[in-house]
Amino acid sequence: MSYRSTLLLFTLLLTAFTHAQDTLFYTNGDKIIGQVLEVGTDVVKYVTPSGGSSVTIAVNKIDLERLHLASGQSFVFNEKGTGAVTSEAFMQRTKLLSVDFLSPALDHFTVGYEMLLRPRMSLAIKAGYIGLGQYGPNNNTTGQRGGLLKVGVSFILPPARRRIAADREAHPLAGWYLRPEIIANSWGEDRYVYDYLGGSTTYRDKRSDLCLNVVIGRKVVLGERWTFDLYGGLGYGMQWLNGELTGDQYYYNYYISSGRAEYAYSHAFFGSRSPLMASGGMMFGYLF
């Protein structure tokens, strides 16, 4: 074989090798040319030249947007939609004002404030006014007036590592969370006691509650400013009636027999004699 033939063959092989490279597109915008060795469940391994030698690199799929092979086959690990939010200002909106969507239907109005304390941790405060409705759970009572307060720290779970989340799902306040919180409320109400002659006597009762609650929820970012939060919680609580812990004979005879003790605006008790309680709600919020 002549020198010219050898040189031509070498050039053709080099050209073929060059065009047979694979392209890896990183989520940060980098584009790497190399040869993919393996596409695993969580990791992609490829070889790329560096300083005159070949280097084998293993990259997690959470760092790759897509992969294009020389054969024409493509793998998409994170396809950003047209509604994806990429601005730095969006990620820096770490404060949230929200409203409990269901509270007006339950005779109270509750608003919330949340702020990021550090990555994956936020402070959540909710305050509410009791007394929007004319009647409470028992039609023999009216004039409910009072307030409620919930304070807790949310521990936000990281997104799944099997795929790249959209930018709105990567927001520091978005995702599943676990939040221990303390609930306190107090309100007064007029209670009417009717006698057999048709007359009635009015009493002004004072109700108070204190609970330790553990909430599980998920917050979703809608666009660049709005959020939707669905949550539920379980815990333990205590109730006071006119300054006395519930459970005395007077409380049992009137309130328990009427089912009055089950609903406490900020939460509900499982049973009249049980310290177990439950809470839940839907919050719509505004990021700033």
- Matching option when the condition is of a type outside the set (Val, Ile, Thr), farther than 18 Å from His108 by Cβ and at pLDDT below 85, among Pro180, Pro159, Pro137, Pro172: Pro159
- Query: For the range 1-72, which fully contained strands (runs of 3 or more DSSP E) count at least 1 residues that are modelled with pLDDT of 80 or more, closer than 30 Å to Pro159 by Cβ and of a type in the set (Val, Ile, Thr)?
  - Reply: 22-26, 31-39, 43-50, 53-60
- Output the residue which, of all residues in the range 174-211 that are among the aliphatic types (A, V, I, L, M) and surrounded by 14 or more Cβ atoms within 10 Å (Cβ to Cβ), is nearest to Thr246 (Cα to Cα). Leu210
- Task: Could you check, for the range 234-249, whether at least one of its residues is at pLDDT 95 or above, within 30 Å of Gln92 (Cβ to Cβ) and assigned by TED's automatic domain parsing to the domain that holds Pro158?
- Result: no
- What tally of residues in the range 19-70 results from selecting those that are touching a Gly at 6+ places or on another chain (Cβ under 7 Å) and under 30 Å from Glu88 (Cα atoms)? 1
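The values are calculated or read from the model by the stated rules, or taken from the named source; none is laboratory data. What you see is a predicted model, and the numbers here were worked out from it, not measured in a lab. Heads up, the Cβs are rebuilt from the backbone with ideal geometry, glycines too, and the neighbour counts pull from every protein chain shown.
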